[in-house]
Amino acid sequence: MTASCRACGGGPVRSFFDLGEMPLAGGFLTEAQIPGEQRYPLEISVCEGCSCVQITDPVDPEILFQDYSFKTGTVPGLVRHFVGFADWLKDTYAPATVVEFGANDGTLVAALEERGIRAIGVDLAGNITEMGRAEGRDLITGAFGPELVPVLCEKVGEASIVAGSNVFPHNAHPGPILEATDALLARDGVLVLEVMYAGDLLELLQWDTLYHEHLTFYSLGTLRTLLARFGFEPVEAVRLPMHGGSLRVAAARTGARSVGSSVAEVDAYESACGLNEVATWDGFADDCRRRIATFGDTMRRLGETSSIWAYGAAGKATMWVNVCAMGYLGGVVDASPLRAGKRMPGTHTPIVSPEEFKAQDPAPDYVFVSAWNYLDAIRGNEPQYEGYWIVPLPQMRIH
Ligand SMILES: [Zn+2]
């Protein structure tokens, strides 16, 4: 047990789900990198005080995000998300100025500017912000915290909105972000966060999203506890399909704005499923362990007599192939040119392009859909495949 929970500042925080020594989920390797591959303990904890699900002893961010090559503007689904987010911000709050942290290449900044809203982004990744600036977006390279507030104030004055999408839960120290928000926001300003949602983690038993990069799975309840320590309270809460299930929470200074009915709706959902109770998370870990054992045994037995490949070299795939020791896979198919030609973390299975998969003769008997949330799209792209598709969650299914 360790003290100091990321949400409530108290504890104690105890481990409830130990996934052992795991490679980094996004650590796809070239052949030359295989001998230097590292594993790190992956232990998921829950706070006995507030039930916030978190990794208390994170891998050094310098190691975790060293090959940061993700650019939002290259993912059509995310571009659509940010255009929708810009519309929502405009329609709900009609802001004059928006500061976004974790702005990546400034996809949201650009969408806001197109709607006549002054927007500025902050991000740590020098190469990505540089690309965004080249596309005309106002982006600052650096960490969003109190030391950056004077620079931002000089550019935009008071901010109507501070926003952060899918970045807040990756940060081991939310305090400086919330202090900087407090210093920047107008009196009736709004902080809007989009976070991976503990509710979806629980509902679909998505243990395969519990990887080193994902430090915290907030609920509305645990986020409220954290925000209260900095003088804020949730005023809107919206569930989103992004990243396997996310929650958008708008927060204002306590008492500064009326609380929308969406907050009561999400609160009711959370009490109904016991999301903010520690025992729920012990039950979740038991359910996940059972599913992992069933899936791992079935696949191992199939692998003794049949050929099996996987489809989708995403972080989820790294989790499955390592926890179930699937060294017997013939290949992992992935459409990204950044991944095809590399090896899977841990098992070092070759990652191949869809063209190589189509050319494989005979085709594998089974394909494990490691990117199981994209089953329909994957099957749609491989109409020629006549073998069996295997999906691991929420229940193992063979199609
Ligand atoms: Zn806590």
For a label point 7 Å along the Cα-to-beta-carbon line of W88, residues of the stretch 254-294 with backbone N under 17 Å: 260-267
Distance (nanometres) between label positions extended 7 Å along Cα→Cβ at Q38 and T74: 2.5 nm
Counting DSSP beta bridges with both ends in the chain, the antiparallel % (nearest 5): 50 percent
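Would you mind calculating the gained length between H399 and D57 on full extension (0.36 nm times residue separation, minus the Cα-Cα distance), in nm to one decimal?
119.2 nm
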The chain - charge dipole about Cα centre, Lys and Arg +1 at Cβ, Asp and Glu -1, debye rounded to 20: 260 debye
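Can you show me the helix-derived [θ] at 222 nm for the chain, built from DSSP H runs with n ≥ 4 at -39,500 (n - 2.57) apiece and divided by the number of residues, rounded to the nearest 500. Don't skip to the end; give the middle numbers.
Working: 13 runs with 135 residues, N = 399.
The helix contribution divided over the chain gives -10000 deg cm²/dmol.
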Per-residue Cβ neighbour rank within 10 angstrom, fewest leading, T216, T72: T72, T216
Evaluated over the stretch 183-253, the Cα radius of gyration and Dmax, each in Å: 13.1, 41
Cα principal axis extents for the stretch 6-57, largest first, Å: 46, 17, 12
Global geometry of the stretch 156-214, whether rounded, prolate or oblate, following the gyration tensor of its Cα atoms and the 1.5 cut on a/c: prolate
At least 15 Å along the helix axis (C-alpha) and Kyte average at least -0.5, DSSP helices within the chain: 76-93, 174-184, 261-272
Radius of gyration and Dmax over the Cα atoms of the chain, both given in Å: 21.7, 67
Estimated FRET transfer efficiency (D18, Y328; beta-carbon r; R0 25 Å; 0.05): 0.55
Stokes-Einstein D (µm²/s) once Rh is taken as the Kirkwood radius of the stretch 72-279 over alpha-carbon pairs, at 25 °C in 0.890 mPa s: 142 µm²/s
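Where a number appears in this text, it was derived from the coordinates with a stated rule and is not lab data. These numbers were taken from a predicted model, which means no experiment stands behind them. When we count neighbours, we look across all protein chains shown, and the Cβ atoms used for this are built from the backbone with ideal geometry, even at glycine.
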